[in-house]
Amino acid sequence: MSRNTQNTLSTASSSSSPPPMIPFTPPPPPSVAAPALIITTESASTSPTRSAPSPTAIASTSYFDASPAPSTSPAPSASASPAPSASLAPAPSSSPSSSPSPSLFTNSALLVSAEPEKSSFPMDQQANQFMCIANMKACHFEESNRAPMDVVLVLDRSGSMLGDKLKTLQQSVNLMIDHLRSTDRLAIISYDEKVQIHSKLVLMDQIGKQRARAATQEITARGATNLSGALLTAFDMIEETQQTANPIRSVLLMTDGLANHGIVNSQKLLQVTSNRLAELPQRPSVYCFGYGSEADSTLLTSIAARGNGAYYFCETIDSIPLAFADCLGGLMSVVAQNIIVTVTSVSPDITINNIFTNFPIETVTAGKEYSIAVGDLFSEEERDILIDLKLPQVSTASELQPLIDVHVRYFNVLESQTWRAATSTGVARTAQREATRTVKISDHVDFHRNRVRTAQAMAEARRLGDAGMVDRARALLEETRQAIQTSISAPRSHFLVGDLDSCAQAMQTPQTYQQTAASRLVAKSQKHWNQRSCESNEVHLNAYATSYKKDSISRFSSK
């Protein structure tokens, strides 16, 4: 099996080819509706039978993996999920709902569904690009049930941090300490050209918090930036404490400049980071915070991606505590870890052309089956994998031509067990005389087509801007905005348009591009690829901000 870590998968080109942009098609008539969903759950106590999907519905099942579960989250695996156990069977289904209520989750952390872009397609036509979506929705849970955390802070204390930046950073760390529980553990590392461990992972009881605050206040700005040494020290600390590890483990790396001591070559640093993470039995997530335009946003985004985390671009000093709050709100609400999604074409005649995602993809069978390593999900988050299929002509009309199966395997943090979920979807194939009948177009699929196009356009605009073609980059963002505004999902795509405008406005000149737009494009492209909030200063525009993140930001803002 081979690994493809690009943001699209192409069976017709090499993995080094540039990812294709999603083309836009003229919008259909306005009377559209999404297919109905029927959701069922499986339990380990029922008889070994499984109902076939309804011709007009999408079947979904969720069930506990009966294999022994580890005491903490397992290391990520890129292997395809095996078929569901024959000893598990569906429980009675719930009523159809396009927005499942929390009660549908039962003990499952994730609800899985899938749907096609159209409810029907003529039998005498071939579709070279037919989109489907695989959706995972994380449950809502009470904060009192959250899992304990291990957090390692890696703080830049180089000379450029002198003054308000370091003072604000210290205040932000103290706010984080205030919100940790006695079962959480915190470590504090700072770095200039040397790396200093101020506090190892200790419980945040009253004494632990006092020591952590004192350790934070002893940090002073001086020297260069040995980012690599500090990051590797954090990974060593994670490894040394794996026997007593908490379920949630994360490294938070903060810097305001370029690495100029230790490993300074970006590619070498990324390779060392990847290798070191691969050696850890229990990999931590990695979140990177870049303060101002001098921070290497491309490097920090890449480091965060290798650690299944996120990059925060802190444009102003005031955004530092809000970025901390957003990140902490996510870590406090992790419900599923090590999520592996396997997408399989159910017919020899149906080919998977592309999978549009920024998560690592592993080929199981070229054109037929792929596994995507999604990482973790916070409470209320969603992940939508856009899948491009090639459909053949068929000789017989049918109410349902099966298209894809989707299997999801993940570690349920709330239950401390490995769980699986499965779903499938299909499309009606209509006779030629029926081809003009009303076709239901999925607003959900169209929105995620817009989301992916937005992320692609921002990444391409960054490439153009870095090459000095700022005018072309701005024109591309404008073209993308106009296309989204004429799509059927335009009413729910307003925040995509807002982000495109925000980036375009920040690149009026080469100077403003370097000062703001370059880092903003990276952060926003990552946000839309990963469907994860990482811009707390624009929470009102951020549809990915969960209630836990908003509450965390509110608590930090009130201090």
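Output ³J(HN,Hα) for the range 239-255: one whole-Hz value per residue in order, computed from phi by the Karplus curve 6.51 cos²θ - 1.76 cosθ + 1.60 with θ = phi - 60°, and x for Gly and Pro.
Each residue of the range 239-255 in turn: 5, 5, 10, 5, 5, 10, 5, 7, x, 9, 10, 8, 10, 10, 9, 10, 7 Hz.
Could you give the nm distance between label points at Arg463 and Ala214, where each point is 7 Å from its Cα heading toward the beta carbon?
Simple spin-label model gives 5.4 nm for this pair.
Under 16 Å between alpha carbons, and skipping anything fewer than 8 positions from Lys368 in its own chain: which aspartates and glutamates qualify?
Reachable aspartates and glutamates: Asp349, Asp388, Asp405.
To make sure I understand the rule: partners must be lysines, Cα under 17 Å from the Cα of Lys268, and not fewer than 8 residues away in the same chain. Which ones qualify?
The reachable lysines, counting only those whose Cα sits under 17 Å from Lys268, number zero.
So how far apart, in nm, are the two label points at His140 and Gln125 if each is 7 Å from Cα heading toward Cβ?
4.0 nm
In a shell of Cβ-Cβ distance under 14 Å around Ala127, excluding Ala127 itself, what net charge do Lys and Arg (+1) and Asp and Glu (-1) give?
Numbers: positive: Lys118, Lys390, Arg429; negative: Glu117, Asp124, Asp349, Asp388.
For residues surrounding Ala127, the net value is -1.
In nm, to one decimal, how far is the Ile207 label point from the Asp501 one, both placed 7 Å along Cα→Cβ?
Result for the modelled spin labels: 5.6 nm.
How high is the FRET efficiency from Leu270 to Arg492, r the C-beta distance, R0 25 Å, rounded to 0.05? Please report the intermediate quantities before stating the final value.
Values: r = 36 Å, r/R0 = 1.42.
In this case the efficiency is close to 0.10.
Each residue of the range 219-229 in order: what ³J(HN,Hα) in whole Hz does its phi give by Karplus 6.51 cos²θ - 1.76 cosθ + 1.60, θ = phi - 60°, with x for Gly and Pro?
Once rounded to whole Hz, the list reads 6, 10, 7, 5, x, 9, 10, 9, 4, 4, x.
Among the lysines, which fall within straight-line cross-link reach of Lys524, defined as a Cα-Cα distance under 21 Å, with same-chain neighbours fewer than 8 residues apart omitted?
Partners found: Lys549, Lys550.
Protein chains only, probe 1.4 Å: how do His407, His261 rank by accessible area, largest first? Let's see the in-between values first.
Values: His407 40, His261 80 Å².
So the residues, ranked largest to smallest area, are His261, His407.
Once each part is reduced to its C-alpha centroid, what is the distance from the range 444-458 to the range 297-334 in angstrom?
Centre-to-centre distance over Cα atoms comes out at 22 Å.
How big, in percent, is the set of alpha carbon pairs in the range 320-363 lying more than 17 Å apart?
Values: 556 of 946 pairs.
Pairs farther apart than 17 Å: 59 percent.
Between beta-carbons, use under 11 Å as the cut-off and find the net charge around Arg462, counting Lys and Arg +1, Asp and Glu -1.
Working: positive: Arg463, Arg520, Lys524; negative: Glu460, Asp466.
Summing Lys/Arg as +1 and Asp/Glu as -1 gives +1.
Read phi for every residue in the range 469-477 and hand back ³J(HN,Hα) as whole Hz from Karplus 6.51 cos²θ - 1.76 cosθ + 1.60, θ = phi - 60°, with x for Gly and Pro.
After applying 6.51 cos²θ - 1.76 cosθ + 1.60, I find 9, 5, 4, 5, 5, 5, 5, 4, 4 Hz.
Would you pull out the residues with amide H under 5 Å of Ile488's amide H, same chain only if 5 or more places away, H placed 1.01 Å from N?
Distant-sequence amide H within range of Ile488: zero hits.
Do you know the relative contact order of the range 359-427, to the nearest whole percent, from alpha carbon pairs under 8 angstrom that are 6+ apart?
Details: 60 pairs, mean separation 14.8, N = 69.
It rounds to 21 percent for the range 359-427.
Cross-chain or 8 or more residues apart, Cα under 30 Å: how many lysine pairs in the range 95-234 fit that? Count them up, please.
For the range 95-234, qualifying lysine pairs total 9.
What are the principal axis extents of the Cα atoms in the range 300-429, in Å, biggest first?
That works out to 64, 35, 25 Å along the principal axes.
What's the magnitude of the charge dipole for the range 356-442 around its Cα centre, counting Lys and Arg as +1 and Asp and Glu as -1 at the beta-carbon? Answer in Debye, nearest 20. Provide the component values of the computation, followed by the final result.
Details: 9 positive and 12 negative charges, 115 e Å.
Here the range 356-442 has a charge dipole of around 560 debye.
Find the centroid of the Cα atoms in the range 118-163 and in the range 351-414, then give the distance between the two in whole Å.
Spelled out, the Cα-based centre of one part sits 15 Å from the other.
The values are calculated or read from the model by the stated rules, or taken from the named source; none is laboratory data. Because the structure is a prediction, the values reported are computed rather than measured. We place every Cβ from the backbone using ideal geometry, glycine too, and count neighbours over all the protein chains shown. Accessible surface areas use protein heavy atoms only, side chains included; no ligands, DNA or RNA. Shrake-Rupley method; radii C 1.70, N 1.55, O 1.52, S 1.80 Å.
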